[in-house]
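Before any comments, here is the structure.
Just so you know, all these numbers are worked out from the coordinates, no wet-lab data involved. What you are looking at is a predicted structure, and each value in this text was computed from that prediction instead of being measured. Here the Cβ positions follow ideal geometry from the backbone for every residue, glycine too, while neighbour counts run over all protein chains shown.
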Amino acid sequence: MQGIQHAGEYDLSDLKLFTGSGEVLNLDINYLSLDIYENIFSNGLTGTLLVSDTNNLIMNAPITGQEFLSFKIKLQQ
């Protein structure tokens with residue numbers, strides 16, 4: 001059976017945060033963990049993203065709740 005069977009069997013790349021002001025932040029280097037949850041009774045996904053803020057993202061690109069997150073998940077070879 002192909003696919004992800006256990007936690008950590010994937011490579012995360014192209015992790016970007018699109019701010020409400022139109023700025024795009026590359027978080028590939030700064031992220032510590034990404035957890036995604038699916039609810040079978042809901043149309044969307046929820047999750048948590050833990051970021052090491054070494055570039056003062058809070059002041060340079062304020063997080064207001066209007067952001068979008070983009071990422072790619074690839075199976076490990």
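Describe numerically, in nm with one decimal, the distance between label points set 7 Å from Cα along Cα→Cβ at GLN2 and at SER21.
Between GLN2 and SER21, the simple spin-label model gives 4.4 nm.
Counting helices only, and only those DSSP H runs with n ≥ 4, report the 222 nm mean residue ellipticity of the chain as the sum of -39,500 (n - 2.57) divided by its residues, in deg cm²/dmol to the nearest 500.
Rounded to the nearest 500, it is -500 deg cm²/dmol.
Under the Karplus relation 6.51 cos²θ - 1.76 cosθ + 1.60, θ = phi - 60°, what is the ordered set of whole-Hz ³J(HN,Hα) values for region 36-42, x standing for Gly and Pro?
Here the 3J(HN,Hα) series is 10, 10, 10, 10, 5, 9, 10 Hz.
Give the relative contact order (percent, whole number) for the chain; include only Cα pairs under 8 Å separated by 6+ residues.
Relative contact order comes out at 43 percent.
Using square roots of five times the C-alpha gyration tensor eigenvalues, list the equivalent-ellipsoid semi-axes of region 2-56 in whole Å, biggest first.
Taking √(5λ) for each Cα gyration eigenvalue gives 24, 17, 10 Å.
Please find the FRET efficiency linking GLU9 to ASN43, where r is the Cβ-Cβ separation and R0 is fixed at 35 Å, and quote it to the nearest 0.05.
0.85
What is the set of long-range amide H partners of LEU27 at a cut-off below 5 Å, with H atoms built 1.01 Å from backbone N?
So LEU27 has HN proximity to LEU15, LYS16, LEU17.
Run through the chain and list the chymotrypsin sites (Phe, Trp or Tyr not before Pro) located in a DSSP loop whose Cβ has at most 16 other Cβ atoms within 10 Å.
Loop-located and lightly packed - PHE41.
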